[in-house]
Structures are given as C-alpha cells and as structure tokens.
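The values are calculated or read from the model by the stated rules, or taken from the named source; none is laboratory data. Just so you know, these numbers come straight off a predicted model, no measurement behind them. Reconstructed Cβ throughout: ideal geometry from the backbone, glycine too, with neighbour counts over all protein chains shown. Surface areas here come from the heavy atoms of the whole protein model, side chains and all, with no ligands, DNA or RNA. Shrake-Rupley method; radii C 1.70, N 1.55, O 1.52, S 1.80 Å.
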Amino acid sequence: MPKNRPRWLAVTIYSVLRLLLFVVVWLPLQFLTPLRGLLALVVALAISGTISIFLLDRPRGEVATGLAAFMQRMNDRIEASARAEDEADDEQRRHRQAVGEHQEAGLRQDSDQISTDGSGPDGPDGPDGQGEGRQAEQ
C-alpha cells in the first residue's frame, strides 16, 4: 500500500471495485440469459468472486497489508498493557512482602521483650488485664 494512501481508502477502493465487478457480471446474466432473480444473483456472485481473485489481487493485498499493520499495532498495545499490569502486580507483591517482613520483625521484637520481662503473652497484668500491677497503680 502506498505510504500516502490511508488504510480506509484502500478498503473503500477494494469494496467499490468488488461491488462494481459483481454488478458488471450480474446485469448481463439478469437481462441476457434465462437466469432471473436469486439464481442470477448466486451465479453472478460465484463468477465475480472467481474473477476478483485474479483481477483485484493488488487492491486486496493493500487491504490485507493495512489490516495486518492494524492488528500488529493492536497486539503491541495489548502486550504493553499486559507488561504494565504485570509490573504493577509485581510491585504490589514486593510491597506486601516488605510490609509482611516488617511486621514479622516487629512481632519477633515484641516476643523478645515479653520473654525478657517474664510477663508472658498476656502482659504483666495477667489474662484479664486487672492484675496486681494494675490495681496498685489505681
């Protein structure tokens, strides 16, 4: 496809040529043969389709090239979007791991303090929070 011709123009030219070829085949079938109506349309479609394979090869190639370029750009955008999503997921996963490791370190530090002051997991006041130490302060 020439660089100065837009893709939509190539599609339009091919479609108009294909339709024109169909009409050129159908009109003589309709008026110069005993074929009429739907049968004439079907035969004209088969004949014009066969002729277009050879006669409209270049315009069809231009349309195919434009369509392939369009699909390649679409695939590139999809891949770029998927890469960006994967990177965002990876970043979120790394952040969650860092937060989890930080919390783990804090829990280890808390358990070290508990074991050094001898108060146990319920604190110095006991399981109900109303131990002797708490009453003495009040």
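Computed from backbone phi, the HN-Hα couplings of the range 42-54 come to 5, 5, 5, 5, 5, 5, 5, x, 5, 5, 5, 4, 8 Hz, rounded to whole numbers (Karplus: 6.51 cos²θ - 1.76 cosθ + 1.60, θ = phi - 60°; Gly and Pro given as x).
When the surface is traced with a 1.4 Å probe over the full set of protein chains, Arg96 keeps roughly 140 Å² accessible. Projecting label points 7 angstrom from Cα along Cα→Cβ for Ser15 and Thr33 puts them 2.8 nm apart.
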